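In what follows, a single structure is set out as structure tokens and then discussed.
The values are calculated or read from the model by the stated rules, or taken from the named source; none is laboratory data. The shown structure was predicted, so the numbers you read here are calculated from the model rather than taken from an experiment. Here the Cβ positions follow ideal geometry from the backbone for every residue, glycine too, while neighbour counts run over all protein chains shown.
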Amino acid sequence: MPRSQHRWVFIFLFTLAGLTALALASPHELLAQNKFQSIYEVRTDAKAVGGNYVKARKKALNAAMRLALEESIKNIIGPEEYEVGPARFRSLLVNAAYYVHSYRYLDAYDNLEAGTSEVNVEVTLYSQALRQKLSAMGIFSGIAKPRSVAILINEKGLADSDYIPFWDLAPVSEGFMIKFFQEAEILIVRRQDIGDAIQSKNLLKAAQGDIGAAVSIGSQTGANIVIVGSAVTRPLGDLAQPGPKTIQVSLSLKAISAMESKVVAAKSEFATARALNGRQAESEAYEKASRKLSGFFLSSIRRFWEPKVAQPGAPVSKPTPQPGTPGFMEDM
């Protein structure tokens, strides 16, 4: 059989095996895993001992799952924290298949010259279940700040050029939101406290509504809730003309729980102000919008932080099974 046919036959067989295993999983086993997922593409290979390429491909798949899980852990807690003691995560990596929702081969073939089976796999993980396990292991205990909030807003103001690095911004809206939260006695994780722990691209992704990026920020900075979003200033009229200036601002924010990987609240607000100076009008408009939003988010977050009390007759949720519990990937 030609090598190209050989390759696609194995892709078909292993994909079919994965789909069959998924179909045989019980509803309880699937629902026990959290629905929040993340996707990784991994390329790896394994030696075909004794010319057994079927077994080699299985080893390569398992290695791909471990590499995907390792990358996910690094994204959650940060590569520096991971390198402090990688041995802590050995048991998680050994049970990597437990956190795999699904996988599919993007490419796979047997390298007869090298004596290896090579695979390129797309692995989808149950990342919230992983975060819950890391929390149970106490991984976050050193940086976690109970009932704390990080507020990070990507603002385009009157004086801003077309592009300013995120860390060089001094958003007026963010300053007002922080002020109102501090007046409500909420612990704030400030932009300057975060420093270089978070890459700018992840901050921008979070500001655009990416839940995974926001969760990663909270996990790495210790913030319990991360409020992210964007703010835009728009002059109503020609600023070059003499006389008072009218400025309209818009704010669109989301509050995301870092531990539960869920949106706690989301809301947009706009406000208009008029003053002799454009910057003064902008500041007054942002204060109005931020005051309205802070009230909404404070009440939403406080309700979220309230102890959950089971209602009479409500179904009792079952705990997420720990690694070692038989699951649909157990035969891997």
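Brief remarks on what is shown
- Set GLN199, GLN220: member being within 18 Å of the chain's Cα centre (by Cα), at pLDDT below 80 and surrounded by fewer than 16 Cβ atoms within 10 Å (Cβ to Cβ): GLN199
- In segment 61-76, residue nearest to the chain's Cα centre (by Cα) [restricted to those that are aliphatic (A, V, I, L, M) and either crowded, with 20+ Cβ neighbours inside 10 Å or not in a helix (DSSP H, G or I) (or both)]: ILE76
- Of the residues contained in segment 109-117, one or more are found to be under 26 Å from ARG57 (Cα atoms) and either charged (D, E, K, R) or in a helix (DSSP H, G or I) (or both).
- Residue match in segment 28-42 (condition: touching a helix residue (DSSP H, G or I) at 6+ places or on another chain (Cβ under 7 Å), modelled with pLDDT of 90 or more and farther than 16 Å from LEU130 by Cα): yes
- Output for segment 94-123, where each listed residue is surrounded by fewer than 16 Cβ atoms within 10 Å (Cβ to Cβ) and either within 30 Å of VAL263 (Cβ to Cβ) or hydroxyl-bearing (Ser, Thr, Tyr) (or both): ARG104, GLU122
- Failed condition for ALA170, given (1) crowded, with 18+ Cβ neighbours inside 10 Å; (2) at pLDDT below 90; (3) among the small types (Gly, Ala, Ser): (1)
- When LYS288, LYS308, LYS254 are checked against the criterion of being at pLDDT below 90, over 30 Å from ALA64 (Cα atoms) and among the basic types (Lys, Arg), a single residue qualifies: LYS308.
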